Amino acid sequence: MSSAPDFTYKLLMLGDASVGKTSLTHRYITGVFVDSPRLTIGVDFFSKKIKLANDKKVKLQIWDFGGEERFRFLLPTYSKGSNAALFLYDITSQKTLESLPLWIDIVRKNAGNIPIFLIGSKSDLEDHRVVTKEAALEYSNKHLCTKHLELSAKTGANVEESFEYITELLMDESKKLADTQ
Ligand code: GDP
Ligand code: MG
């Protein structure tokens, strides 16, 4: 795709260490699952150009944060100007879901009222699931997340679909904004 994109969106990938942020980013960008990605130091930056069903060209910039406490100081600066945040939790770990309020707080302070997507990762590990879909959905509503999704970077299940959903929602919002101006 050589021509300029119609829209560019900056997405933040957030959540505790080891929930699968880097694996998901990598799977979406390259289509491949890497078994043991190296630890994300600070923040990594990726971008992908896609063409939607309506022929619009969109460039997605994905900012993958190191989930470790020692990297969190970077977040306020990097979250400025982002269009959406993807908060990942691991469906086999209740603890990873419970850190959502902390991340929401940081995002709201620095990026304002952008959509936050609650994403259950590692959906291939159904046998080890501890967070039910119902509980996650309830949590999503309670914390005013825009949408709850589940996916697997390992199998690729629901990965393309989730990014498509997020991109289309952002495009709808851009259109609404343009209409009111
Ligand atoms: P990050 O710290 O959030 O960036 O997490 P990583 O992407 O580094 O992944 C942490 C660990 O979880 C790695 O061992 C991955 O191979 C594993 N992992 C990531 N995504 C999945 C998934 O969808 N399914 C399974 N079974 N394991 C995953
Ligand atoms: Mg990482």
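Kindly evaluate residue 118 against the criterion of being at pLDDT 95 or above and within 27 Å of residue 173 (Cβ to Cβ). Spelling it out, residue 118 is indeed at pLDDT 95 or above and within 27 Å of residue 173 (Cβ to Cβ). Selection over region 1-32 of residues that are near ligand 1 (Cβ under 7 Å from one of its atoms) and of a type in the set (A, V, I, L, M, F, W, C) gives a count of 3.
From the list 49, 56, the lone residue that is within 14 Å of residue 160 (Cα to Cα), of a type in the set (Lys, Arg) and open to solvent by 40 Å² or more (accessible area, probe 1.4 Å) is 49. Looking across 18, 47, 23, 3, one residue alone is farther than 22 Å from residue 156 by Cβ and hydroxyl-bearing (Ser, Thr, Tyr). It is 3. Hey, any hits in region 122-131 for a residue that's within 16 Å of ligand 2 (Cβ to nearest atom) and either over 13 Å from the mean Cα position of the chain (by Cα) or over 30 Å from residue 5 (Cβ atoms) (or both)? Yes, region 122-131 contains at least one residue that is within 16 Å of ligand 2 (Cβ to nearest atom) and either over 13 Å from the mean Cα position of the chain (by Cα) or over 30 Å from residue 5 (Cβ atoms) (or both).
The values are calculated or read from the model by the stated rules, or taken from the named source; none is laboratory data. Bear in mind that the values here come from a model prediction, so they are computed numbers and not experimental data. As a convention, Cβ positions derive from the backbone with ideal geometry for all residues, glycine included, and neighbour counts pool all protein chains shown. Surface accessibility is based on the protein's heavy atoms, side chains included, excluding ligands, DNA and RNA. Shrake-Rupley method; radii C 1.70, N 1.55, O 1.52, S 1.80 Å.
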